[in-house]
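*Asks:* This is the structure I want to talk about, given as C-alpha cells.
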Amino acid sequence: MHREDIAAHIRSVEEDMEYWRTKRLEPRVIRLIRKGTIAFSDLIQASTVAHSRIEEVKSGGDLEDRVAALEIGLGKFIRGTEVATSIIGSLVLVEESRQEAGVYDKEAKLEHRELSDGTTDRTSELEEMLTGNMLLLQALLIALTKKGLVTLEKVDEMLAATNPPRYENGARIVAKAWLDAEFRSRLVNDAKTTLRELGFALNRTPKLVVLENTEFVRNVIVCTLCSCYPYELLGNPPWWYKHDSYKQEIITSPTKTLEEMFKLTVPANVELHVYDSTSDIRYMVLPRRPERTEGMNEEMLASLVTQESLIGVGDPLKAAIVQSK
C-alpha cells in the first residue's frame, strides 16, 4: 500500500474516532445513566474486566505502521459501538441520543478534544484516546450484561460476526441520491461526512470523492499503483480492477479500453475523465439514472446499480430488465 499523505490518515482517524465517541457512544452512555439503567459505579466496577478484554494500542515503531494499526483499531471501536447500540435498542431513542450529543443545544454539545500539531505526538495521543474509548465501550458492554440485557457470550458472538461489505452498499447510496436531490448535492460536495451521518464506517478512507456522471461527462476510476478502492462501500474490487492490463490501458487508451474490455461505447460528445485512486483518496462513481424509472422506489432503483457502474466502466441496468423478473 502506498501512502502519499500520512497526515491525512491521522486527521481521518481523529475525525472518525471523535465522531463515533461524541455522536454515537457517549451520548447513549449519558442517557442510560440519566434513566437509571446503569450508573457510573457500574462502569467503574466493570473496568477491571474491561481492561482484560481490550488490546492496548502500543506506541513506538514505524509511524505508518502505527497509523495502520490505529485504522484497524478504529474499525473495531466502530463495530463495537454498533453492537452496543443494537443491544441498547429502544432504551435510548435516536432523538434522545441526539439531544445528549448537543445537536439541538450547543451548550450541551460534546466537544472534540484538541490534539498536538506534530504527526508523531498526534499519533501517540490518538493511541491513548483509542485505548480509552475501547475501555469505556467494553465497560458499557459488561455493565449491560450485569443488568441482564445480554450475555457476555452473545456480545462476543456479535463482535465476531462481521459481515463483509458488498457493492450493494454503494448501490443503495446511488438509489437514494437519484431520489433525493438534496442528499445528492451533499454527497457530491462532502461524501465522507454525508455517509458517516448515515452510519457508514469509512475508517480506512481518509478522503472519499463521489464523481457524478452527467449527459456529457463520464468518470472512471482506477488505481495504477496497487488496488486502492472504497472497500467499505463497494466490497472487494473485481479481479480486472487489480489486473495490469486494466491499470495500464484505462490510462493510456480509456475509450478503446472501455469498448474492448467492457463493450461500452462512449459517444464522441462525452468527456471521459479517469481518476487514479491512492491510499489517501478513494473514488466512487454516481452513475446516471436510467430512463423510464419514474415511480420506482429506492430498493427497486438499487437493484439496477451494478458494480461496473459504480466504477464507471459500465451503466446501470435498464428498468425493463428488473421489471420483467
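*Asks:* Which value in Å does the Kirkwood hydrodynamic radius of the stretch 6-160 take, with 1/r averaged over all unlike C-alpha pairs and then inverted? List each step's numbers first, then the result.
*Replies:* Values: mean 1/r = 0.0618 Å⁻¹.
Over the stretch 6-160, the inverse of the mean reciprocal pair distance is 16.2 Å.
*Asks:* Moving on. Specify whether the C-alpha gyration tensor of the stretch 168-323 places it in the rounded, prolate or oblate class, a ≥ b ≥ c being the square roots of the eigenvalues: rounded for a/c under 1.5, otherwise prolate if a/b is larger than b/c and oblate if not.
*Replies:* Details: a/c = 1.70, a/b = 1.12, b/c = 1.51.
It comes out oblate by the Cα gyration axes.
*Asks:* Short version: what are the Cα gyration tensor semi-axes of the stretch 225-280, square root of 5 times each eigenvalue, largest first, in whole Å?
*Replies:* Working: eigenvalues 93, 31, 27 Å².
Output for the stretch 225-280: semi-axes of 22, 13, 12 Å.
*Asks:* Order these peptides, 69-80, 277-288, 239-250, by their mean beta-carbon neighbour count within 10 angstrom, highest first.
*Replies:* Values: 69-80: 19.8, 277-288: 22.1, 239-250: 15.5.
Result, highest mean first: 277-288, 69-80, 239-250.
*Asks:* In the chain, what percentage of the DSSP-assigned beta bridges are antiparallel, given to the nearest 5? The partial results should precede the final answer.
*Replies:* Numbers: 1 of 12 bridges.
Approximately 10 percent, going by the DSSP bridge assignments.
*Asks:* To continue, here is another question. State, as an integer percentage, the relative contact order of the stretch 168-323 based on alpha-carbon contacts under 8 Å between residues 6 or more apart.
*Replies:* After rounding, I find 31 percent.
*Asks:* May I ask which of Lys154/Lys192; Lys35/Lys146; Lys35/Lys109; Lys76/Lys207 have a Cα-Cα span longer than 23 Å here?
*Replies:* With Cα atoms farther than 23 Å apart: Lys154/Lys192.
*Asks:* Continuing with the same structure: Among rounded, prolate and oblate, which fits the stretch 175-246 when a ≥ b ≥ c are the square roots of the eigenvalues of its C-alpha gyration tensor, a/c under 1.5 means rounded, and a/b larger than b/c means prolate?
*Replies:* Values: a/c = 2.36, a/b = 1.39, b/c = 1.70.
Judged from the Cα gyration tensor, the stretch 175-246 comes out oblate (a/c at least 1.5, b/c at or above a/b).
*Asks:* Quickly rank 309-317, 102-110 as a protection proxy: mean count of other C-beta atoms within 10 Å, highest first. Walk me through the intermediate numbers first.
*Replies:* Working: 309-317: 22.8, 102-110: 11.6.
Result, highest mean Cβ count within 10 Å first: 309-317, 102-110.
*Asks:* Quick query: amide H of Tyr167 versus all other amide H atoms, modeled in the peptide plane; which residues come in under 5 Å with a sequence gap of 5 or more or a different chain?
*Replies:* For Tyr167, no residues qualify.
*Asks:* What are the DSSP H helices in the chain that stretch 27 Å or more along their long axis, judged by alpha-carbon atoms, and whose average Kyte-Doolittle hydropathy comes to at least 0.0?
*Replies:* What comes out of the filter, once short or polar helices are dropped, is 63-88, 119-146.
*Asks:* In addition: Could you give me the percent of Cα pairs per 20 Å distance bin for the chain, shortest bin first, beginning at zero and ending with the bin that holds the maximum distance?
*Replies:* Bin by bin from 0 Å, the calculated values are 28, 52, 19, 1.
*Asks:* Turning to a different aspect of this structure: Output needed: Cys residues of the chain lacking any neighbouring Cys C-beta below 4.7 Å, sorted by number.
*Replies:* Among the cysteines of the chain, those whose Cβ sits 4.7 Å or more from every other are Cys226.
*Asks:* Would you calculate a helix-derived [θ] at 222 nm for the chain, using -39,500 (n - 2.57) for each DSSP H run of n ≥ 4 and dividing by the full residue count, to the nearest 500?
*Replies:* Details: 16 runs with 172 residues, N = 325.
For the chain, the value works out to -16000 deg cm²/dmol.
*Asks:* For the stretch 218-325, what number of Lys pairs, 8 or more residues apart or on separate chains, have alpha-carbon atoms under 21 Å from each other? Could you put the intermediate results ahead of the total?
*Replies:* Numbers: Lys242/Lys256; Lys242/Lys263; Lys247/Lys256; Lys247/Lys263; Lys263/Lys318.
Lysine pair count for the stretch 218-325: 5.
*Asks:* Also: Which distance in nm do the two modelled labels at Ser245 and Ser86 give, with both placed 7 Å along the Cα-to-Cβ direction?
*Replies:* Calculated label separation equals 4.1 nm.
Each reported figure results from applying straightforward, stated rules to the coordinates on display, with no laboratory input. Not measured: the values here are computed from a predicted model. Because the Cβ atoms are built from the backbone with ideal geometry, glycine has one as well, and the counts that use them run over all protein chains shown.
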